[in-house]
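S.K.: Have a look at the structure that comes next, please.
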C-alpha cells in the first residue's frame, strides 16, 4: 500500500474540489487512507469515477466497433453494387455496339436494294427504248421508207441512252461511296 503525507492528501483534495480532477487507473486502489475519512471518501469517489469512465469508454468502444462493422458491410455492399454496375455498363456498351452494327448492316442492305432497284429500272427503260427504236428503224427499213431521219435519231438515241446509263451508274456509285463512313 502507498501512504501519502498530509500535504499531498490536501493537494489532491483541493484539486478535486476546484477542478474536479480525480486520480485514475489502479493507483487509488493502492493508496491507504490511514483513518482519514475525507481522503477515504475521495479515494472511493476516484475508484467509482474510474469505473464509470471505463464503462463509458467500453460502451463507446463497442459502439464504434458496431459502427465499423456496419461500415465494412456497407462498403462490401457498395463494392458489390459497383461491380454489378460495371458489368451492366459493359453489357450495355456491347449491346450498343451490336445495335449500331446491326443498324449499319440494315442501312447498307436497304441502300444496296434501292440501288439495285434503280439500276434494274434504268436498264429496263434503256433496253426498252433501245429495242423500240431499233424495231421502228427495222420496220422503216423493211417497209422501204426513208430511214435517214430515223437512222440519225436511232444513233442519237443510243448515244443518249448510253450516256444516261453511265450517268445513272456513276451517280449511284458516287452516292454509295459518299455515304460510307471513313475507316479509322
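We did not get these values from a lab; they are worked out from the coordinates using the rules stated. Treat the numbers as computed from the prediction; the structure is a model and nothing was measured. Positions of Cβ are generated from backbone atoms using ideal geometry, with glycine treated the same way; all protein chains shown enter the neighbour counts.
S.K.: Separation between the residue 108 and residue 85 pseudo-spin-labels, each 7 Å from Cα along Cα→Cβ, expressed in nm?
M.R.: The answer from the label model is 3.7 nm.
S.K.: Packing-wise, with mean Cβ within 10 Å as the measure, how do 76-87, 20-31, 144-155 rank, highest first?
M.R.: 20-31, 144-155, 76-87
S.K.: Which order results if 16, 42, 177 are arranged by neighbouring Cβ count within 10 Å, fewest first?
M.R.: Arranged by neighbour count, lowest to highest, 16, 42, 177 become 177, 16, 42.
S.K.: Treating the angle as unsigned and between 0 and 90°, give the value, to the nearest 10°, between the Cα long axis of helix 6-19 and the longest Cα principal axis of the chain.
M.R.: 40
S.K.: Using the 10 angstrom Cβ neighbour count as an exposure proxy, how do 39, 166 rank, fewest first?
M.R.: Fewest-to-most Cβ neighbours within 10 Å comes out as 166, 39.
S.K.: For helix 148-179, what angle does its Cα long axis make with the longest principal axis of the chain, in degrees from 0 to 90 and rounded to 10?
M.R.: Once rounded, the angle reads 10 degrees.
S.K.: As an exercise, use a Förster radius of 41 Å and the Cβ-Cβ distance of residue 34 and residue 55 to find the FRET efficiency, rounded to the nearest 0.05.
M.R.: 0.90
S.K.: Once both axes come from the Cα atoms, what is the angle between helix 37-142 and the longest principal axis of the chain, in degrees from 0 to 90, rounded to 10?
M.R.: 0
S.K.: Select from 54, 17, 109 the residue whose mean-square fluctuation is largest in a Gaussian network model of the chain (Cα-Cα springs shorter than 10 Å).
M.R.: Looking only at 54, 17, 109, the biggest GNM fluctuation is shown by 17.
S.K.: I've got another one for you. In percent, how large is the relative contact order of the chain, given Cα pairs closer than 8 Å and 6 or more residues apart?
M.R.: This gives 13 percent for the chain.
S.K.: Here's another thing I want to ask about it. What percent of all Cα-Cα pairs in the chain falls in each 10 Å bin, counting up from 0?
M.R.: Going out from 0 Å in 10 Å bins, the chain shows 7, 15, 10, 8, 7, 6, 6, 6, 6, 6, 6, 5, 5, 4, 3, 1, 0 percent.
S.K.: Counting only helical runs of four or more DSSP H residues, what would the 222 nm mean residue ellipticity of the chain come to if each run contributes -39,500 (n - 2.57) and the total is spread over all its residues?
M.R.: -31500 deg cm²/dmol
S.K.: Give me Rg/Rg_expected for the stretch 83-144, where Rg uses Cα atoms only and Rg_expected = 2.2 N^0.38 Å with N residues.
M.R.: For the stretch 83-144, the normalised Cα radius of gyration is 2.50.
S.K.: Could you identify which residue out of 119, 139, 105 has the top mean-square fluctuation in a GNM of the chain using Cα springs shorter than 10 Å?
M.R.: Of 119, 139, 105, the most mobile in the Gaussian network model is 139.
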